Amino acid sequence: MDEEAREGWAPVRVQDETFGVRIVWLVSGLWTRPGYIQEVATREHAMPIQFRHDVDQVLKDAKAQQKPVLLDFSAAPM
Amino acid sequence: VWPDERVVRFVNQHFLPARVHVKEDAAEFKRYGERYNAPWTPTILELDAEGVERHRVEGFLPADDLLAQLTLGLAHMAFQQQRWADAERGFREVVQQFPQSDAAPEALYWAGVARYKATGDAASLKDTAGAFTQRYQDSTWATKASVWR
């Protein structure tokens, strides 16, 4: 635990990616007295965007549903 | 940016999301890149339900700026469809929610135009020009609105 954590609140963000689901752990450590750490942990599940790659079908679905399309031209690691 | 929960929620709420990857979907990337003139990544297009491009975002943006641009794009889409009230609401949302974004001055400009389209009252344009004397004075949108004073 670093010095900031010893002073009190110490938000630590840890990200873990498992099976395409990004899980964000937000852990807060509260130093209440020497030798004792009370941890309060909450977990946020940030579901990823379900990008489809069948663009032709997405365009057809958009027309049928009268819904806009977000088309992402990407080079990001998959 | 994509893992940002606000962006995820916004995209899932408003769009059918699709992706063409420069390597994994090389053929589709080439085909749609030519169709929509998008040879570079990242490029994000907002297409209306007919597949017509209504807004584009080129290059990386932080979450707030991306949300501002996506909201701006939806407002432009409403404007093109002559849904003036929806358009104005979207443009004003950009200004209110993301006042520091590059999208905000453009949104302020078009909010005035959308109101004018809805009402036919030129006062909305004059009011918009007046608003630009209070904020975003150095933007090109302030210059464009200056003729309305």
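If I filter region B:19-39 for residues that are more than 7 Å from every other protein chain (Cβ to nearest Cβ), surrounded by fewer than 20 Cβ atoms within 10 Å (Cβ to Cβ), of a type in the set (A, V, I, L, M, F, W, C) and more than 18 Å from A:Val58 (Cα to Cα), do I get at least one hit? No, because not a single residue in region B:19-39 is more than 7 Å from every other protein chain (Cβ to nearest Cβ), surrounded by fewer than 20 Cβ atoms within 10 Å (Cβ to Cβ), of a type in the set (A, V, I, L, M, F, W, C) and more than 18 Å from A:Val58 (Cα to Cα).
Filter region B:93-142 for residues that are part of a helix (DSSP H, G or I) and of a type in the set (Asp, Glu); which is farthest from B:Leu66 (Cα to Cα)? Looking at the filtered set, the residue picked out is B:Asp127.
Quick check on B:Leu16: is it over 19 Å from A:Pro77 (Cα atoms) and touching a Pro at 6+ places or on another chain (Cβ under 9 Å)? Judged against the criteria, B:Leu16 is a match.
Restrict the check to region B:115-133 and report whether at least one residue is without any contact (Cβ under 8 Å) to a residue 40 or more places away in the chain and within 14 Å of the chain's Cα centre (by Cα). Checking region B:115-133: not a single residue is without any contact (Cβ under 8 Å) to a residue 40 or more places away in the chain and within 14 Å of the chain's Cα centre (by Cα).
No value in this document is a laboratory result; all are computed from the given coordinates. Predicted model, so just to flag it, every value in this text is computed and none were measured. Positions of Cβ are generated from backbone atoms using ideal geometry, with glycine treated the same way; all protein chains shown enter the neighbour counts.
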